[in-house]
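Enquirer: Here it is, the structure in full.
The values are calculated or read from the model by the stated rules, or taken from the named source; none is laboratory data. Since this is a predicted model, take the numbers as computed values, not measurements. Every residue, glycine among them, receives a Cβ derived from its backbone with ideal geometry; neighbour counts consider all protein chains shown. To get the accessible areas, we keep the full protein, side chains included, count just its heavy atoms, and leave off ligands, DNA and RNA. Shrake-Rupley method; radii C 1.70, N 1.55, O 1.52, S 1.80 Å.
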Amino acid sequence: MKVLFTFYVPSGGVDTLNRLRTAVLKRHGIEAHLLYLNTGSGLQNNSDTPIFTASSDEDIHHIIHTHHYDAIIATSDIAMPGRLRGLGFTGRIIFEAQGLGTRDQALETIQMGVPYLQAHCDAAVIPPTDHLLDMFIHICPWLHRFVIPNMLDTDTFAPILVDTPPYPVLAWVGRLEHNKNWREYLIISSEIVKKIRKPDYGYSTIQLWLIQKMRSCSGTCWQNTGLRIGLGSSSMFLILRCLHIIP
C-alpha cells in the first residue's frame, strides 16, 4: 500500500507529525510519501521518506500518476481534494483537519469546504479537539470520521537529566500567536503564582520561561500582558526568559 500526505509547507507541527507517522507506517509495510506546495525549513530534517515540493498542476499530476497512490491525505488544504480529482486521481482522498486556527476560523473553513468534502472526500482525520469534532459531526454528518491524536516519539523525545532549578518554573513552549492561546497560559500562571506564594510553600521566586523555535524573541507582548493581569506586581520576583531553539 502506498499513500501520500499533502500540506502547504514543511515546517512546524505538521512537518514533525508527517516525519513521525511516515516512519511508523513504514514499519507496518505502508509506503508513505510527502508533498509540499512550497519549500520550508523542515526539509533539512528528513530521513529516508520521499518528499516532493511542487505547486503546479503539471508537477502534481506527474507525481500522483507516477506513484499510483492508494490514498491521499490532504492536510488543512480544503481545495486540494477537488484539485486532485481534477488531475485524475481516483483513489481514496482523506481530508485532515490540522491547524485550522481559532474556533471561528475553523468553522469558516469547514462551512466553506462542505461542497469539496461532499464531492471529493471519503473521510476526515481529526485530532481529539472538541470543537473540531463537534463541527464535523453537525456540519458533515455524512462524512466518515477518524479521531487520531497527534503522535509523540518517546524514543527521541524523552526526559533528560538536568539540574533542577531551586524555584518553580512555569514554561511555555511554542509560538506567540493568537491561536496558540498563550494569553490563557498567563492567566493560569497568575493563579498558580497566587497559590504558591502562600506561606505553606515558602517560595520567594518563580520564573516564567518562554521557549520558542525562532531567532528573535517576541517576548515584549508576553511580558506586557503578564503585567496587565498582575504577574510581577507583587513582591515575588518574576523573570521572563527567552530560550531560543534554532532549527
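Enquirer: Looking at Phe95, Phe89, which is the one that is open to solvent by less than 20 Å² (accessible area, probe 1.4 Å) and either under 22 Å from the mean Cα position of the chain (by Cα) or within 21 Å of Ala23 (Cα to Cα) (or both)?
Expert: Phe95
Enquirer: Can you tell me how many residues in the range 54-67 are open to solvent by 20 Å² or more (accessible area, probe 1.4 Å) and either touching a helix residue (DSSP H, G or I) at 6+ places or on another chain (Cβ under 9 Å) or not charged (D, E, K, R) (or both)? Reasoning before the result, please.
Expert: Within the range 54-67, the subset open to solvent by 20 Å² or more (accessible area, probe 1.4 Å) is 55-59, 61-62, 65-67.
Narrowing further to those that are either touching a helix residue (DSSP H, G or I) at 6+ places or on another chain (Cβ under 9 Å) or not charged (D, E, K, R) (or both): 55-57, 61-62, 65-67.
Number satisfying all stated conditions: 8.
Enquirer: With respect to the numbered conditions (1) under 19 Å from the mean Cα position of the chain (by Cα); (2) in a helix (DSSP H, G or I); (3) modelled with pLDDT of 95 or more, which one is the sole condition not fulfilled by Asp59?
Expert: That leaves (1) as the condition not met.
Enquirer: All but one of (1) in contact (Cβ under 8 Å) with a residue 60 or more places away in the chain; (2) open to solvent by less than 50 Å² (accessible area, probe 1.4 Å); (3) in contact with a Lys or Arg (Cβ under 8 Å, 6 or more places away or on another chain); (4) of a type outside the set (Phe, Trp, Tyr) hold for Asp70; which doesn't?
Expert: That leaves (2) as the condition not met.
Enquirer: Output the qualifying pairs, or none if there are none: Cβ atoms under 9 angstrom, residues six or more apart or on different chains, first residue in the range 176-187 and in a helix (DSSP H, G or I), second residue β-branched (Val, Ile, Thr) and open to solvent by less than 80 Å² (accessible area, probe 1.4 Å).
Expert: If the second residue must be β-branched (Val, Ile, Thr) and open to solvent by less than 80 Å² (accessible area, probe 1.4 Å), the pairs left are His178/Thr102; Asn179/Thr102; Trp182/Thr225; Arg183/Thr225; Arg183/Ile229; Leu186/Thr225; Leu186/Ile229; Ile187/Ile229.
Enquirer: Let me ask something additional. Look at Arg175 and say whether it is under 25 Å from Gly12 (Cβ atoms), at pLDDT below 60 and open to solvent by 80 Å² or more (accessible area, probe 1.4 Å).
Expert: No, not satisfied.
Enquirer: In addition: Exactly one condition in (1) open to solvent by 60 Å² or more (accessible area, probe 1.4 Å); (2) in contact with a Pro (Cβ under 9 Å, 6 or more places away or on another chain); (3) farther than 24 Å from Glu177 by Cα is not met by Thr39; state its number.
Expert: With respect to (1) open to solvent by 60 Å² or more (accessible area, probe 1.4 Å); (2) in contact with a Pro (Cβ under 9 Å, 6 or more places away or on another chain); (3) farther than 24 Å from Glu177 by Cα, Thr39 is out only on (3).
Enquirer: If Asp122 meets every condition in (1) surrounded by 13 or more Cβ atoms within 10 Å (Cβ to Cβ); (2) under 27 Å from Glu96 (Cα atoms); (3) modelled with pLDDT under 80; (4) of a type in the set (D, E, K, R) apart from one, which number is that one?
Expert: Single failed check for Asp122: (3).
Enquirer: Let me ask something else. I need the full set of residues from the range 9-56 which are touching a residue at least 24 places away in the same chain (Cβ under 8 Å), among the hydrophobic types (A, V, I, L, M, F, W, C) and either over 15 Å from Ala74 (Cα atoms) or in a helix (DSSP H, G or I) (or both), in order please.
Expert: Across the range 9-56, the qualifying residues are Val14, Leu17, Leu20, Ala23, Val24, Ile30, Leu43.
Enquirer: Going by what's in this entry, would His144 be described as open to solvent by 90 Å² or more (accessible area, probe 1.4 Å) and closer than 30 Å to Pro81 by Cβ?
Expert: yes
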